[in-house]
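Comments concern the structure below.
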Amino acid sequence: MEILKENLEKGYLVAKVDATDKFGVLREMGNVLVEKGWVKDTYPGAVIEREKVFPTGLPMEAMGVAIPHTDAIHVNKKAVFCGILDKPVDFVVMGDDEATVSVEVIFMLAIMKPNDQIEMLSKLVETCQNVSVLQTVKAAEDMDTIEKVMEKLMA
């Protein structure tokens with residue numbers, strides 16, 4: 001994993017991630033959040049277990065996105081971790097247990113208050129519907145644009 005951008009004060013992280021399956025990606029990203037102290041050591045396992053029951057894959061116009069998260073009891077500090085995958089990984093589509101989507105970008109959420117979850121998911125879906133923004137994030141070449149996206153999500 002290559003960390004591209006990190007802002008401890010604002011609580012976000014952007015990294016290039018290489019993994020071969022969704023649970024490997026979730027474990028690797030969750031462990032980074034544990035190392036940063038933003039989540040408890042129970043967080044990676046809780047995210048994986050939640051993903052099994054409530055899938056988070058979203059087929060967007062530009063590419064597949066996943067928004068994994070879990071309950072606030074596993075979180076120390078509000079955070080968003082944007083993982084840009086070197087190779088797409090299949091996730092089950094949110095709300096459809098049989099369909100899968102090839103995911104290229106993951107926004108892993110650490111949310112302190114359950115009410116914040118709806119607002120954060122709304123901001124993320126809006127962001128992911130913007131094809132050019134999502135393609136810029138995936139390309140990970142314009143860190144100023146990515147930083148603006150992450151700051152908007154954390155506002």
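Throughout, read-outs are computed from the coordinates displayed, never taken from laboratory work. Remember, predicted model here, so these are calculated numbers, not experimental data. Cβ sites come from the backbone with ideal geometry, for glycine too, and all protein chains shown count toward neighbours.
Structure above, values below:
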{"quantity": "20 Å Cα-Cα threshold exceeded, pairs from Lys5/Lys78; Lys10/Lys87; Lys10/Lys152; Lys16/Lys36; Lys10/Lys123; Lys40/Lys87", "calculated": "Lys10/Lys87; Lys40/Lys87"}
{"quantity": "FRET efficiency estimate (nearest 0.05) - Cβ-Cβ, Glu49 to Asn76, R0 25 angstrom", "calculated": "0.85"}
{"quantity": "Under the span-like rule (Cα at least 15 Å along the axis, Kyte-Doolittle mean at least 0.0), DSSP H helices of the chain", "calculated": "22-36"}
{"quantity": "Longest site-free stretch - the chain; sites: GluC sites (Glu not before Pro), DSSP loop, at most 15 other Cβ within 10 Å", "calculated": "62-140"}
{"quantity": "Value of Rg/Rh across the chain [Cα atoms, Kirkwood radius]", "calculated": "0.92"}
{"quantity": "For the stretch 79-86, 3J(HN,Hα) per residue [Karplus equation, 6.51 cos²θ - 1.76 cosθ + 1.60, θ = phi - 60°, Hz, x = Gly/Pro]", "calculated": "7, 10, 10, 9, x, 9, 7, 5"}
{"quantity": "Potential extension, Ser122-Ala99 segment - 0.36 nm per residue separation minus Cα distance", "calculated": "6.1 nm"}
{"quantity": "Beta bridge orientation in the chain: antiparallel %, DSSP, nearest 5", "calculated": "65 percent"}
{"quantity": "Calculated diffusion of the stretch 1-82, Stokes-Einstein form, Kirkwood radius summed over Cα pairs, 25 °C and 0.890 mPa s, µm²/s", "calculated": "187 µm²/s"}
{"quantity": "Spatial extent of the stretch 114-155: Rg and Dmax, with the Cα atoms as the point set, Å", "calculated": "10.8, 33"}
{"quantity": "Two-site label geometry, Ala155 and Lys5: point separation in nm, points 7 Å out along Cα→Cβ", "calculated": "1.4 nm"}
{"quantity": "Förster-model FRET efficiency, 35 Å R0, Asn31 and Asp142, C-beta, rounded to 0.05", "calculated": "0.80"}
